[in-house]
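K.L.:
Structure below; questions to follow.
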Amino acid sequence: MREFWDKRAAEDPFYFVDNRQRYRHPDQALFFSRGKHELDELLGAVGARLQAVDDVVELGCGVGRMTRLLARRARTVRALDVSPRMLALARTHAGLENVEYLLGDGVSLTGIADASADACISHVVFQHIPDPRITLGYVREIGRVLRQGGWAAFQVSNDRGLHRRRTGVEGLGIRARAMLGRGPRGQADPCWLGSSVELGELRAAAGDGGMEVERTAGEGTQFCYVLTRRVR
Ligand SMILES: C[S@@+](CC[C@H](N)C(=O)[O-])C[C@H]1O[C@@H](n2cnc3c(N)ncnc32)[C@H](O)[C@@H]1O
């Protein structure tokens with residue numbers, strides 16, 4: 001996962017964070033305004049609200065389009081990503097003294113102490129993880145790092161059909177554009193295609209982490225938003 005995302009960060013980080021961007025022609029104003037919209041949509045969908053005293057963990061921070069906002073809304077942010085290149089880009093945002101950037105191992109929140117966070121946020125990260133067991137492991141980890149009463153708001157894909165490799169003429173076209181340098185690479189890689197998660201399994205993993213699933217929105221779609229809370 002690290003190698004894949006480092007390559008994508010070198011290729012076009014803005015496109016690979018938000019693939020509605022024009023490949024290799026980023027519109028940064030639009031990119032960051034969509035980041036705000038998506039963060040507010042995630043929090044609004046599950047009714048979560050950050051407090052100025054909160055210590056937040058952001059899982060899969062990418063180039064930091066949400067980290068900047070979280071830093072303004074919370075006390076501290078620990079922004080974790082598997083890709084050193086993505087983290088290097090995130091670090092270029094000025095004036096975020098309350099943010100600590102962490103290089104993750106791709107499967108856990110190692111480096112973040114037990115019961116040290118009030119909130120955890122993750123958007124368009126789990127949908128790219130090739131094996132749902134890794135996502136479920138992360139859910140258990142989220143429970144570990146949350147304080148009692150702390151919450152997590154995150155997006156998972158619940159759409160089983162979405163993660164298939166494109167075949168036939170469609171797949172050929174994608175591969176040809178990538179080979180000619182006119183389109184994004186890595187589109188058939190398991191680290192891009194990702195996987196969906198079953199809500200029953202997610203509830204069980206949340207329980208293993210001492211959490212309950214309090215709310216979900218968008219079940220059955222790519223944008224399934226989940227609110228969990230550490231209850232024990
Ligand atoms: C599509 S980007 C989203 C970035 C950010 N959440 C946002 O919405 O702006 C996905 C990010 O997740 C990171 N990522 C992918 N797999 C990961 C993993 N297993 N553990 C941690 N980060 C991962 C990638 O390096 C990339 O920065």
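K.L.:
Taking only the range 18-65 into account, find how many residues are surrounded by 13 or more Cβ atoms within 10 Å (Cβ to Cβ) and among the polar types (S, T, N, Q).
P.N.:
The number of residues fulfilling the criteria is 2.
K.L.:
Okay, next question. Out of the range 2-46, which residues are near the ligand (Cβ under 10 Å from one of its atoms) and assigned to a loop (DSSP other than H, G, I, E, B)?
P.N.:
Those that are near the ligand (Cβ under 10 Å from one of its atoms) and assigned to a loop (DSSP other than H, G, I, E, B): 18, 19.
K.L.:
Of the conditions (1) in a loop (DSSP other than H, G, I, E, B); (2) away from the ligand (no atom under 13 Å from the Cβ), residue 93 satisfies every one except a single condition; which number is it?
P.N.:
(2)
K.L.:
Name the residue, out of 72, 49, that is more than 15 Å from the ligand (Cβ to nearest atom), part of a helix (DSSP H, G or I) and out of contact with any strand residue (DSSP E or B) (no Cβ under 7 Å at 6 or more places or on another chain). Even if it seems obvious, please write down each step before you answer.
P.N.:
Values: 49 fails: part of a helix (DSSP H, G or I).
From the options 72, 49, the qualifying one is 72.
K.L.:
Quick one: what pairs do we get from the range 36-52, first residue closer than 16 Å to residue 122 by Cβ, second of a type in the set (Lys, Arg) and in a helix (DSSP H, G or I), C-beta under 8 Å, 6+ apart or different chains?
P.N.:
50/73
K.L.:
Got a sec? Which of 79, 71 is at pLDDT 95 or above, of a type outside the set (D, E, K, R), surrounded by 22 or more Cβ atoms within 10 Å (Cβ to Cβ) and under 23 Å from residue 225 (Cβ atoms)? Before the answer, list the steps.
P.N.:
Numbers: 71 fails: surrounded by 22 or more Cβ atoms within 10 Å (Cβ to Cβ).
Matching residue, one of 79, 71: 79.
Residue-wise test of (1) surrounded by 15 or more Cβ atoms within 10 Å (Cβ to Cβ); (2) of a type outside the set (Ser, Thr, Tyr); (3) more than 14 Å from the chain's Cα centre (by Cα); (4) not in a helix (DSSP H, G or I).
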residue	(1), (2), (3), (4)
106	yes, yes, no, yes
111	no, yes, yes, yes
118	yes, yes, yes, yes
130	yes, yes, no, yes
135	yes, no, no, no
143	yes, yes, yes, no
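K.L.:
Continuing with the same structure: Six or more apart or on different chains, Cβ under 6 Å: which pairs go from a residue in the range 175-202 that's in contact (Cβ under 8 Å) with a residue 24 or more places away in the chain and surrounded by fewer than 17 Cβ atoms within 10 Å (Cβ to Cβ) to one that's part of a loop (DSSP other than H, G, I, E, B) and of a type in the set (Lys, Arg)? Could you list them?
P.N.:
Matching pairs, first to second residue: none at all.
The values are calculated or read from the model by the stated rules, or taken from the named source; none is laboratory data. Computed from a predicted model, the values in this text were never measured in an experiment. Counting neighbours? That spans all protein chains shown, and the Cβs are built from the backbone with ideal geometry, glycine included.
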